[in-house]
Amino acid sequence: MKCYGEGDSAQEGPSLARILVVEDDVDIRQVLCLYLKYSGFDVREAVDGQEAMRLIPEYCPDLLVLDLMMQPVDGWAVLHWLRARRMNPPLPVLVLTALYQPAQQLQGFEEGAIEYLTKPTQTGLIVERIRTILGLSEEQRIMLQHKRMDEQRNTLERITAQPDEFVY
């Protein structure tokens, strides 16, 4: 099976980057997929983590846009599944979720996400982040992931040290 990181296919001309959007909200999924297609990506969609885990080996995406809160199988399960598969290089994951707490963001990075955006987010920003991630080498992606983890740890430490500072 030919997948992410295993070279280009034998198609004529340049191939489009493959993005798998995993989102249970039909409106968000449709808008995001339409915008990504318009921006020049080959896009497939999954309605939950179970469908994503079935499609990843078949579709071989270059990047995963992943919601975390879905039923019956959530995005956390997909992140665990990807980690267990030990893809080399790892499949880049951009988390797009309503979970906004720094501890949840840190957990997302620790589980393998390279980027973590909270909803609502402008589709233009999502496309910009996807292009940036796809333009990075594996080493640069790992460095970015570690940088994001360090930022979240620092935020959590500041919140813990001075909780009154963050009360609204």
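The values are calculated or read from the model by the stated rules, or taken from the named source; none is laboratory data. Because the structure is predicted, anything quoted here is derived from the model rather than measured. Cβ coordinates were reconstructed from backbone atoms using ideal geometry, including for glycine residues, and neighbour counts include every protein chain displayed. Remember, those area values only see protein heavy atoms, side chains included, never the ligands or the DNA or RNA. Shrake-Rupley method; radii C 1.70, N 1.55, O 1.52, S 1.80 Å.
Treating only the Cβ of Lys, Arg, Asp and Glu as charged (+1, +1, -1, -1), what charge dipole size does the chain show about its Cα centre? Round to the nearest 20 debye.
260 debye
Want the number for residue 83 to residue 54: 0.36 nm per residue separation, take away the alpha-carbon distance, what's left?
That pair, residue 83 and residue 54, stretches by 8.9 nm at full extension.
Hey, what do the phi angles of segment 68-74 turn into as Karplus ³J(HN,Hα) couplings, whole Hz, using 6.51/-1.76/1.60 and θ = phi - 60°, x for Gly and Pro?
9, 9, 9, 10, x, 10, 8
Show me, for segment 25-38, the HN-Hα J-couplings you get by feeding each phi into the Karplus relation (A = 6.51, B = -1.76, C = 1.60, θ = phi - 60°), rounded to Hz, glycine and proline as x.
So the J values, rounded to whole Hz, are 7, 4, 5, 4, 4, 5, 5, 5, 4, 4, 5, 5, 4, 4.
Could you sort 62-69, 48-55 so that the peptide with the highest average Cβ count within 10 Å comes first and the rest follow in order?
62-69, 48-55
Using alpha-carbon positions, what is the distance between the centroids of segment 22-38 and segment 57-108, in Å?
16 Å
Would you mind working out the accessible area per residue for the chain, using a 1.4 Å probe, and quoting it in Å²?
57 Å²
Charges only on Cβ, +1 for Lys and Arg, -1 for Asp and Glu: so what's the dipole of segment 89-168 about the Cα centre, in debye to the nearest 20?
With Lys and Arg at +1 and Asp and Glu at -1, about 260 debye.
For residue 110 and residue 27, compute 0.36 nm times the residue count separating them, minus their Cα-Cα distance, and round to one decimal in nm.
My answer for the length gained is 27.0 nm.
Search the structure for amide H atoms under 5 Å from the amide H of residue 111, placed 1.01 Å from N in the peptide plane, and list their residues when 5 or more places away or on another chain.
none
Could you derive backbone 3J(HN,Hα) for segment 85-90 from the dihedral phi with the Karplus parameters 6.51, -1.76 and 1.60 (θ = phi - 60°), listing whole Hz in sequence and x where the residue is Gly or Pro?
6, 6, 4, 10, x, x
Ignoring solvent entirely, what values of log10 I(q)/I(0) come out of the Debye formula for the chain at 0.08, 0.12, 0.13, 0.14 Å⁻¹ when each Cα is a single scatterer?
-0.24, -0.53, -0.62, -0.72
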